[in-house]
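A.B. asks: The structure's right below; bear with me while I get my questions together.
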Amino acid sequence: MDRKPNILLVFSDQHRWCDLGCYGNEEVISPNFDAFAAKAAVFTNCISNSPVCVPARGSLLTGLMAHRHRAITNDLPIDTSVESIASVLNRNGYHTGYIGKWHLGGVPRSRVIPQEERLGFNEWKVCNCSHNYMKSHYYDENNQKHLIQGYEPIAQTDLAIDFIQRNNGNPWGLVVSYGPPHDPYFQVPDRYLKLYQNTDLSIRENVPDSIMHTRDVCLTKEDVGNNLKGYYAHITALDEQFGRLMDTLDAQGELDNTIIVYTSDHGDMLGSQGLTNKQLPYDESIKVPLMIYYKDNTLCTISDEMLSLVDLPVSLLGLASMRFANEVDGDDLHQVFIDSQAKGCEYAYIYDFVPCHQAYFRGSIEWRGIRTKAFTYARSSDSSFAVLFNNQEDPLQRDNLISDSKIRNELECHLRAAINRWGDEDLPWDKFIRDFGYTDEWNKSQLFFNLPTLE
């Protein structure tokens, strides 16, 4: 390798794997993602270990499970002493930058993230967390606030283009973190909404007539169909921004010397299984798109090999011949990017240690589980919630096989091994918070949102 490759990691918020043209959904308008997929390694089994924003983002940047980077649930801060992908890149002579949503700084969501809490990123154009996509803001390296007029991802792409142009010729690593297609679904420019407004969109077959949004609010299939129009409009808007990034790399002569990744932190139920949002073990919640391209180095393929978000930063660094200095939880699976015979992970450890916010409002409980190619198994610590699906025979996960003791016992053994391997404990969420020393941060977050605290 004559030059160190640049690294561009683009990820969105709440983009489930099945909603792109290149993943088989012909109703989503995504020409730039589809063109990228046509030359990239595309993975159909990329799993979000903890399908909610904060834990997933922490794992994506550090290669650590949530209880090891300590951002175990939404709006709890990450342990800023952990090594991140930016730390590794800086050590190897890269210039690094982060643009977009952070959500790893605790509460309030509007707080400024000081330099010592940025996990090593040099350039910084960040809002901790906001879902006001039409009137947002960001703070720069000097903690100066900048207002964004118009659609947030367009402004963030402008900033990313500027970063790429200014750093041309020197190795760089850039993370671009978009807020959509996370709801609110209709905070998107009209020109994208108009693409879908007169379309009768297909609804997944595992969406029932009545959908529980919260314990007190139910939606209908008509509501889901309407929400899909906004969700797809966001995806099409992001597709356009992704295309602008590709055009910039091409114009700068850096397209062939950049490792380019697109993924998301978790998915969106959008009515499947009669539920909304995320923090659930179903595929609509845990499966995300993953496409990776590095010219003449990565395969052009569609692969069902499995890897999870905790593996992705380790594997991405491995592809660039770098590694974390400290012990991490993710595996280096970069061979699946370059070798058609390579194998991914046997199983992904999936979990929701703490049912925060949306999960709390629908009455969910904590759970831990295992996702293999063939099966999904998840259960709460007291087994009051338990699911087991054959993903190959029942891809819509409509037939719960939890009474099949043979398969359940086999997967339970894998689950116990995962819990032991990563130093987790099989605890109810409130005891988990107390025993792992999160009570103060949890209560601080809960008070900010006017929610119950723990003694």
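A.B. asks: In the chain, if the dipole is taken from +1 on Lys/Arg beta carbons and -1 on Asp/Glu beta carbons about the Cα centre, which of Gly24, Cys218, Thr258 is farthest to the positive end?
C.D. replies: Of the listed residues, the answer is Thr258.
A.B. asks: OK, next. Have a look at Met269, Ile154, Ile286 and report the one farthest towards the positive end of the charge dipole of the chain, computed about the Cα centre with Cβ charges (Lys/Arg +1, Asp/Glu -1).
C.D. replies: The listed residue farthest towards the positive side: Ile154.
A.B. asks: Also, I was wondering about something else. Mind listing the long-range amide H neighbours of Glu123? Cut-off is under 5 Å, sequence gap 5 or more, other chains count too, H placed in the peptide plane at 1.01 Å from N.
C.D. replies: The list, which skips near neighbours in sequence, is Thr96, Gly97, Tyr98.
A.B. asks: Next up: What is the magnitude of the charge dipole of the range 299-455 about its Cα centre, with +1 placed on the Cβ of each Lys and Arg, -1 on the Cβ of each Asp and Glu, and no other charges, expressed in debye to the nearest 20?
C.D. replies: Details: 15 positive and 26 negative charges, 43 e Å.
Result for the range 299-455 is approximately 200 debye, rounded to the nearest 20.
A.B. asks: Same structure again: Once you place label points 7 Å from the Cα toward the Cβ at Ser340 and Asp190, how far apart are they in nm?
C.D. replies: For Ser340 paired with Asp190, the spin-label model returns 5.0 nm.
A.B. asks: Something else now. Would you mind calculating the relative contact order of the range 367-455 from Cα pairs under 8 angstrom and at least 6 residues apart, reporting the percent as a whole number?
C.D. replies: Rounded, it is 18 percent for the range 367-455.
A.B. asks: Find the all-direction average of the projected area of the Cα convex hull for the range 185-313, expressing the result in square nanometres with one decimal place.
C.D. replies: Averaged projected hull area, Cα only: 10.2 nm².
A.B. asks: For the chain, report the translational diffusion coefficient in µm²/s to the nearest whole number, using Stokes-Einstein at 10 °C, 1.306 mPa s, and a Kirkwood Rh over Cα pairs.
C.D. replies: Diffusion coefficient, whole number: 72 µm²/s.
A.B. asks: Quick check for me: using +1 on Lys/Arg Cβ and -1 on Asp/Glu Cβ, what's the dipole size of the range 234-353 about its Cα centre, in debye to the nearest 20?
C.D. replies: 60 debye
A.B. asks: Taking N as the number of residues in the range 348-448, what is its Cα Rg relative to 2.2 N^0.38 Å?
C.D. replies: 1.17
A.B. asks: Can you give the FRET efficiency to the nearest 0.05 for Gln197 and Gln149, using r as the Cβ-Cβ distance and R₀ = 25 Å?
C.D. replies: The value I calculate is 0.55.
A.B. asks: Would you work out which of Trp442, His414, Ala359 lies farthest towards the positive end of the dipole of the range 348-448, given +1 charges on the beta-carbon of Lys and Arg and -1 on that of Asp and Glu, about the Cα centre?
C.D. replies: His414
A.B. asks: Answer rounded, prolate or oblate for the range 280-429, using the Cα gyration tensor with square roots of eigenvalues a ≥ b ≥ c: rounded when a/c is under 1.5, else prolate when a/b is larger than b/c, else oblate.
C.D. replies: Working: a/c = 1.99, a/b = 1.60, b/c = 1.25.
Judged from the Cα gyration tensor, the range 280-429 comes out prolate (a/c at least 1.5, a/b above b/c).
A.B. asks: What's the whole-number percent of alpha carbon pairs in the range 1-151 lying beyond 22 angstrom?
C.D. replies: 50 percent
A.B. asks: Determine the dipole magnitude for the chain: charges of +1 sit on the beta-carbon of Lys and Arg, -1 on that of Asp and Glu, nothing else is charged, the reference point is the Cα centre, and the result goes in debye to the nearest 20.
C.D. replies: In total the dipole reaches around 560 debye.
Every number in this text was worked out from the coordinates using simple rules, so none of it is lab data. What you are looking at is a predicted structure, and each value in this text was computed from that prediction instead of being measured. Virtual Cβ from ideal backbone geometry, glycine too; neighbours counted across all protein chains shown.
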